Amino acid sequence: MDRPSLAALLDDDREMILANLARDRSLPAAQAALEKAIDRVMYRYTEQAGSEALRDGAQYILQAMKNALPMIDAVGEARNWKREAVRPEKKGLTMGPLAVIALLAGLVLVIASVVGVMLAGRLGGALAFLKALLPAALGCAALFWAGVMAARPRRRKGKAEAEEAVRTEYLVDVEKAYHVLRGAMLLADGQLERMREDAEARDQQSREADPAGGVSGEAMELFSQLLEAACASKDEGSKESAAAIRFYLHGVGIDVIDWEPGREQWFEFLPADRPGTLRPALMSGGKLLKKGLAAR
């Protein structure tokens, strides 16, 4: 099976990702869509990864990629939304009912006080003026209040006064966002490839230091004898035991080699009527661990 690739897994979901981004291009929605895409890649990669180290490495890298999504530069458009304040507008004098009443009352009081002074005569003019002073003052106050009421602007019903505000909405470029994410996936693939190469180098060094894969000399001698007995026996149970031993040794990096022409250097030979393997040879990493025995 081919090795999994983060970029290839992302490309498999390309159309779906672009559709999700185009559905809502605002930054929060775009970030959520990209996070979902990363989660899908992480889930599928960890299912196909061949080693635990690669699975853990991929999860760590992709989680760091998700945390870095707010810093991805993929903004392609900005929209400014302006909310204007509802300001009162003065359109001449507005005479409400209260203003009209105050105006008429003020005029009546002022005129009445002036007429009263004129009718009182010269001798009683000073006293009459004092008596008319209160109505005159009240009339002037009523006229002033009527002017204030008429000049004051009226607010529109049902609309509250609001301050002017400007809101900027940033929209992502769908293609750019996808390509930025794919570029990050390619970088992550390179890092995972280096991790894979380092792991293989460590395994190779371990095999060279211990070709037997941790199997002791006594255990290897026992396996060799069991394989020799299985080769000499025609019993089905012996064949099954030999197959189990081969599978176990293969799991620890030891190959069980049967005799074939060209492999003479790995075997000792006994004369026999019919050639064949009497005891398989054991090898690991191209190095001979125990010679086999063959008939020819």
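The values are calculated or read from the model by the stated rules, or taken from the named source; none is laboratory data. What you see is a predicted model, and the numbers here were worked out from it, not measured in a lab. Don't worry about glycine lacking a Cβ; one is built from the backbone with ideal geometry, like all the others, and counts go over all protein chains shown. Protein only, heavy atoms only, side chains kept; ligands, DNA and RNA dropped before computing areas. Shrake-Rupley method; radii C 1.70, N 1.55, O 1.52, S 1.80 Å.
Looking only at residues that are closer than 17 Å to Asp189 by Cα and in contact with an Asp or Glu (Cβ under 8 Å, 6 or more places away or on another chain) in the range 10-43, which one is surrounded by the most Cβ atoms within 10 Å (Cβ to Cβ)? It comes out as Val41. Contact map, the range 263-276: first residue touching a residue at least 24 places away in the same chain (Cβ under 8 Å) and within 17 Å of Glu228 (Cβ to Cβ), second residue open to solvent by 80 Å² or more (accessible area, probe 1.4 Å) and in a loop (DSSP other than H, G, I, E, B), Cβ cut-off under 7 Å, separation 6 or more or different chains; pairs are Trp266/Lys291; Phe267/Lys291; Glu268/Lys291; Phe269/Arg296; Ala272/Arg296. If the condition is being open to solvent by 90 Å² or more (accessible area, probe 1.4 Å), at pLDDT below 85 and not β-branched (Val, Ile, Thr), then the range 159-195 contributes Lys159, Glu161, Glu163, Glu164, Arg167, Tyr170.
Here is a yes/no grid of residues against (1) part of a loop (DSSP other than H, G, I, E, B); (2) modelled with pLDDT of 65 or more:
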site: Arg40; (1), (2): no, yes
site: Arg55; (1), (2): no, yes
site: Asn80; (1), (2): no, no
site: Ala85; (1), (2): yes, no
site: Lys91; (1), (2): yes, no
site: Met95; (1), (2): yes, no
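Being under 52 Å from the mean Cα position of the chain (by Cα), of a type in the set (A, V, I, L, M) and modelled with pLDDT under 80 is not true of Ala201.
The residue that is farthest from Phe223 (Cα to Cα), counting only those in the range 253-296 that are outside any strand (DSSP E or B) and of a type in the set (A, V, I, L, M), is Ala272. Within the range 252-292, the set of residues being among the aliphatic types (A, V, I, L, M) and buried (at least 18 other Cβ atoms within 10 Å of the Cβ) comprises Ile254, Val256, Leu278, Ala281, Leu282, Met283, Leu289. Report yes if some residue within the range 219-229 is closer than 22 Å to Asp203 by Cα, among the hydroxyl-bearing types (Ser, Thr, Tyr) and either open to solvent by 60 Å² or more (accessible area, probe 1.4 Å) or in contact (Cβ under 8 Å) with a residue 12 or more places away in the chain (or both); otherwise report no. No - not one qualifying residue is present in the range 219-229.
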